[in-house]
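Laboratory data are not the source of any read-out in this text; all were calculated from the coordinates shown. None of the values given here were measured: they were computed from a predicted structure. We place every Cβ from the backbone using ideal geometry, glycine too, and count neighbours over all the protein chains shown.
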Amino acid sequence: MPDNKPPNSKSDSPYRLREHFLSVPEVALYRLLQKMTGEHYVVCPKVALTDIFTIIRPNENVHFYNKIFRKHVDFLLCDPKTLKPAIAVEMVKPIARNETRANDQFMEELFFSEGIPLVHVPLGENYDVNDLVNLFTIAVSKTKNAPRHAPGLVGDSVPMCPVCGKMMVLRIHRDGGKGGKKYYGCMDSPRCAGVVAVD
């Protein structure tokens with residue numbers, strides 16, 4: 001008998017919809033964040049770090065990309081008009097007073113370096129508004145004077161090819177009078193001969 005089962009049916013696919021997109025503690029915090037922020041912020045859950053941060057000179061800084069790849073922040077509060085990230089919220093397990101977790105420290109330093117407050121909220125199923133307000137106040141005050149990277153500085157990003165407009169790749173001259181010196185070459189080389197010198 002012919003098999004009339006439609007292609008990619010549920011029995012054939014290894015994919016299944018998660019029963020819950022957010023856990024019980026995440027839902028509780030999400031609802032409270034919505035009440036707290038009202039129309040002042042858009043609350044976005046489970047935002048990938050690679051959607052928030054970009055890596056300068058990515059071909060040179062693969063190690064730094066790997067540190068944020070497949071990581072996310074639990075909630076990101078964004079400006080309702082521009083959707084620019086304003087405050088990040090990370091749910092953390094309670095730790096001993098003198099204990100520090102490498103990942104928590106990395107996340108805090110990452111957001112701090114860009115002047116975005118990162119609020120650490122102890123994991124739980126119920127949250128108190130006053131406690132959250134205190135945590136937000138502490139995080140905002142810590143980052144108020146945080147250094148910001150000025151956009152557009154020389155060396156701050158990979159140049160675009162002056163010939164075709166594609167991204168360029170850092171290369172090294174192998175021979176000739178420029179042997180050993182770095183330069184940016186078009187990623188479409190050798191079809192595109194675009195080159196930018198590195199001072």
Sticking to Cα atoms, compute the Rg of the stretch 39-105 to one decimal and its Dmax as the biggest Cα-Cα distance, whole number, in Å.
14.4, 41
Net charge of neighbours whose Cβ lies under 15 Å from the Cβ of PRO25, counting Lys and Arg as +1 and Asp and Glu as -1:
-3
Hey, with R₀ at 25 Å, roughly what FRET efficiency would ASP175 and VAL62 work out to, going by the Cβ-Cβ distance, to 0.05?
0.45
For the LYS84, ARG18 Cβ pair and Förster radius 22 Å, calculated FRET efficiency rounded to 0.05 is 0.15
Under the 0.36 nm per residue contour assumption, what length would be gained going from the current alpha-carbon distance of VAL195 and VAL140 to full extension?
15.5 nm
Below 8 Å between Cα atoms, with a sequence gap of 6+, how large is the relative contact order for the stretch 24-143 in percent?
25 percent
Excluding residues fewer than 8 places away in the same chain, name every one of the lysines whose C-alpha is closer than 24 Å to that of LYS46.
LYS35, LYS67, LYS71, LYS81, LYS84, LYS93, LYS142
Starting from 0.36 nm per residue, how many nanometres of slack lie between PHE69 and ASN130 once their C-alpha separation is accounted for?
18.6 nm
What spacing in nm lies between the two simple spin-label points modelled at ALA28 and ALA48, each 7 Å away from Cα in the Cβ direction?
3.0 nm
What are the semi-axes of the equivalent ellipsoid of the stretch 24-143, taken as the square roots of 5 times the eigenvalues of the Cα gyration tensor, listed largest first and rounded to whole Å?
24, 18, 13
Taking the highest mean first, how do the peptides 170-179, 56-65 order by number of other beta carbon atoms within 10 angstrom per residue?
56-65, 170-179
